[in-house]
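**Q** Have a look at this one before I ask anything.
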Amino acid sequence: MIREEDVYKIGKIGKPHGVSGEVTLRFTDDVFDRVDADYLVLMVDGILVPFFMEEYRFRSDEVALVKFEDIDSVERASELTGCEVFFPRELADDDEGELTWSQIVGYDIVDADSHKLIGRIASVDETTINVLLELDDGTLIPAAEEFIIDIDHKERKMFMRLPEGLVN
């Protein structure tokens, strides 16, 4: 069984494309192209399910057309519309490139000095020039390089030294 902590969100399935079962994938992280992966994980009715890819091709910088095995009709493809798409963390660890913001969702932010838990990263907002980390409680923290002291991938923790009063 695939657990949520073993994957991270990289996108969402859009509508079917064509009649052979292809779907559009609006992605926020193209890790599936950088890392050798045969499958993606979709959230189907609250359950994480692996779907093996036959092929994919990029339509733009944010959209790919994906053909999954055993999805051979518009009807079957339309059943996947709206499903969130995830990538296995263990495969992403093999990526020689830099860490992406999507990969740290679910990490705990810990004060580097006191080692007190500040919160868990619920999402990352990259829509502005300054990237923001949104915590489970809605708190926004700037992901400024000078605030990040260390990242422990094994423990899924990001150690930060934040200016006084920023989190209060």
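The values are calculated or read from the model by the stated rules, or taken from the named source; none is laboratory data. Fair warning: this is a prediction, and the values are worked out from it, not measured in the lab. Because the Cβ atoms are built from the backbone with ideal geometry, glycine has one as well, and the counts that use them run over all protein chains shown. Heavy atoms of the whole protein, side chains included, go into the accessibility calculation; ligands, DNA and RNA do not. Shrake-Rupley method; radii C 1.70, N 1.55, O 1.52, S 1.80 Å.
**Q** Which is in contact (Cβ under 8 Å) with a residue 60 or more places away in the chain, under 30 Å from Leu166 (Cβ atoms), open to solvent by 30 Å² or more (accessible area, probe 1.4 Å) and of a type in the set (D, E, K, R), of Lys9, Lys15?
**A** Sole residue among the options that is in contact (Cβ under 8 Å) with a residue 60 or more places away in the chain, under 30 Å from Leu166 (Cβ atoms), open to solvent by 30 Å² or more (accessible area, probe 1.4 Å) and of a type in the set (D, E, K, R): Lys9.
**Q** Give the residues of the range 151-168 that are open to solvent by 40 Å² or more (accessible area, probe 1.4 Å) and part of a loop (DSSP other than H, G, I, E, B), sorted by residue number.
**A** Residues satisfying the conditions are His153, Lys154, Glu155, Arg156, Arg161, Pro163, Glu164, Gly165, Leu166, Val167, Asn168.
**Q** Residues of the range 92-113 being open to solvent by 30 Å² or more (accessible area, probe 1.4 Å) and either at pLDDT 85 or above or not in a loop (DSSP other than H, G, I, E, B) (or both), which ones?
**A** Trp101, Val105, Asp111, Asp113
**Q** So, in the range 47-77, how many residues would count as being without any contact (Cβ under 8 Å) to a residue 40 or more places away in the chain, assigned to a strand (DSSP E or B) and closer than 20 Å to Thr28 by Cβ?
**A** 5
**Q** Follow-up. Answer yes or no as to whether Leu25 is under 29 Å from His153 (Cα atoms) and not in a helix (DSSP H, G or I).
**A** yes
**Q** OK, next. Can you tell me how many residues within the range 31-46 are without any contact (Cβ under 8 Å) to a residue 12 or more places away in the chain and over 12 Å from Leu80 (Cβ atoms)?
**A** Qualifying residue count, the range 31-46: 1.
**Q** Report, by residue number, each residue of the range 132-150 that is closer than 23 Å to Glu4 by Cβ, open to solvent by less than 50 Å² (accessible area, probe 1.4 Å) and in a strand (DSSP E or B).
**A** Of everything in the range 132-150, those that are closer than 23 Å to Glu4 by Cβ, open to solvent by less than 50 Å² (accessible area, probe 1.4 Å) and in a strand (DSSP E or B) turn out to be Leu132, Leu133, Leu135, Ile141.
**Q** Still on this model: I need a count of the residues in the range 28-39 that are under 15 Å from the mean Cα position of the chain (by Cα) and either over 22 Å from Lys154 (Cα atoms) or open to solvent by 20 Å² or more (accessible area, probe 1.4 Å) (or both).
**A** Residues in the range 28-39 being under 15 Å from the mean Cα position of the chain (by Cα) and either over 22 Å from Lys154 (Cα atoms) or open to solvent by 20 Å² or more (accessible area, probe 1.4 Å) (or both): 5 in total.
**Q** Please verify whether Ile121 is within 22 Å of Val7 (Cα to Cα) and either at pLDDT 90 or above or not hydrophobic (A, V, I, L, M, F, W, C) (or both), treating the condition exactly as stated.
**A** So Ile121 fits the description; yes.
**Q** From (1) more than 16 Å from the chain's Cα centre (by Cα); (2) free of Cβ contacts under 8 Å to residues at least 40 places away in the same chain; (3) assigned to a loop (DSSP other than H, G, I, E, B), pick out the condition that doesn't hold for Leu80.
**A** (2)
**Q** Could you check Ile129 against (1) over 29 Å from Val35 (Cα atoms); (2) open to solvent by 40 Å² or more (accessible area, probe 1.4 Å); (3) aliphatic (A, V, I, L, M) and say which number it fails?
**A** (1)
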